[in-house]
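Here's the structure, in structure tokens; my notes come after.
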Amino acid sequence: MESYRTGPETERLQHRAIIIDDAEAFFALNSDPDVMHYTGEPPLQSLDEARNAILTYPDFETVGYGRWACILKASGGFIGFCGLKYLPELDAVDLGYRFFPEYWGRGLATEACRACIEFGFETLKLDQIIGLVLPENAASIRVLEKVGMQLAGEITTEGETALRYEIRPDDQAIV
Ligand SMILES: CC(C)(COP(=O)(O)OP(=O)(O)OC[C@H]1O[C@@H](n2cnc3c(N)ncnc32)[C@H](O)[C@@H]1OP(=O)(O)O)[C@@H](O)C(=O)NCCC(=O)NCCS
């Protein structure tokens with residue numbers, strides 16, 4: 001199995017596996033209440049927790065792909081993550097993303113998501129990618145719609161209901 005620790009490059013972004021040197025930025029991102037608000041995940045509590053999450057992230061070894069760091073080419077800085085994650089409980093590959101608030105509203109999530117979807121279909125030969133989003137997360141829903149995902153149902157886990165969006169290779173949005 002090939003391990004794709006380097007992901008797609010776009011006009012403004014490079015994607016690569018999250019490394020231990022990203023720990024401080026990864027902690028800042030994943031402990032920011034504004035970022036975590038609609039993710040359904042608890043904020044990280046410490047830098048050690050962030051380091052541990054990075055060091056024990058298994059996906060590049062188990063399935064060969066995962067969430068990638070988004071590196072802004074203009075600065076070389078870690079500005080968030082985006083990528084594809086295999087969810088065994090759904091037997092589906094999920095598109096997930098998270099960016100620092102100062103980078104919101106510039107089309108960066110859309111740019112990263114489009115590239116990850118294309119990578120999923122063209123390199124990984126996936127036949128479907130899903131997106132799970134809380135109904136209140138209007139910005140994220142907009143991103144999913146802009147990249148061509150379509151609402152396909154709801155999933156309730158531990159009392160919380162998320163919308164399930166889907167895209168297949170033939171559905172790719174030309175926008
Ligand atoms: C969701 C998120 C990734 C979007 O990132 P981004 O780089 O700002 O996204 P883009 O600029 O590519 O697109 C955002 C779109 O949402 C729209 N939008 C933003 N806030 C909105 C709101 N409150 N209601 C409706 N639309 C909204 C923007 O106008 C834009 O659409 P447009 O291009 O048609 O104008 C970012 O807000 C984020 O990191 N949020 C916290 C983490 C998170 O929720 N991740 C997703 C979990 S499912």
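Label E136 and D170 with points 7 Å out from Cα along Cα→Cβ: what is the distance between them in nm?
3.8 nm
Roughly how big is the stretch 6-171's charge dipole about its Cα centre, with Cβ charges of +1 (Lys, Arg) and -1 (Asp, Glu), in debye to the nearest 20?
480 debye
Take the solvent-accessible surface of the protein heavy atoms, probe 1.4 Å, and return the percent of it on the chain that carbon and sulfur atoms account for. Don't skip to the answer; put the middle values down first.
Values: 4540 of 9190 Å².
Here carbon and sulfur together make up 49 percent of the probe-accessible area.
What does a probe at E145 reach in the stretch 95-112, counting residues whose amide N is under 18 Å from the point 7 Å along Cα→Cβ?
Counting only backbone N, you get 105-111.
Arrange the residues M36, M1 by how much accessible surface each exposes, largest first, with a 1.4 angstrom probe. The partial results should precede the final answer.
Details: M36 10, M1 150 Å².
Descending order: M1, M36.
The values are calculated or read from the model by the stated rules, or taken from the named source; none is laboratory data. Because the structure is a prediction, the values reported are computed rather than measured. A quick note on method: Cβ atoms are made from the backbone with ideal geometry, for glycine too, and the neighbour counts reach across all protein chains shown. Heavy atoms of the whole protein, side chains included, go into the accessibility calculation; ligands, DNA and RNA do not. Shrake-Rupley method; radii C 1.70, N 1.55, O 1.52, S 1.80 Å.
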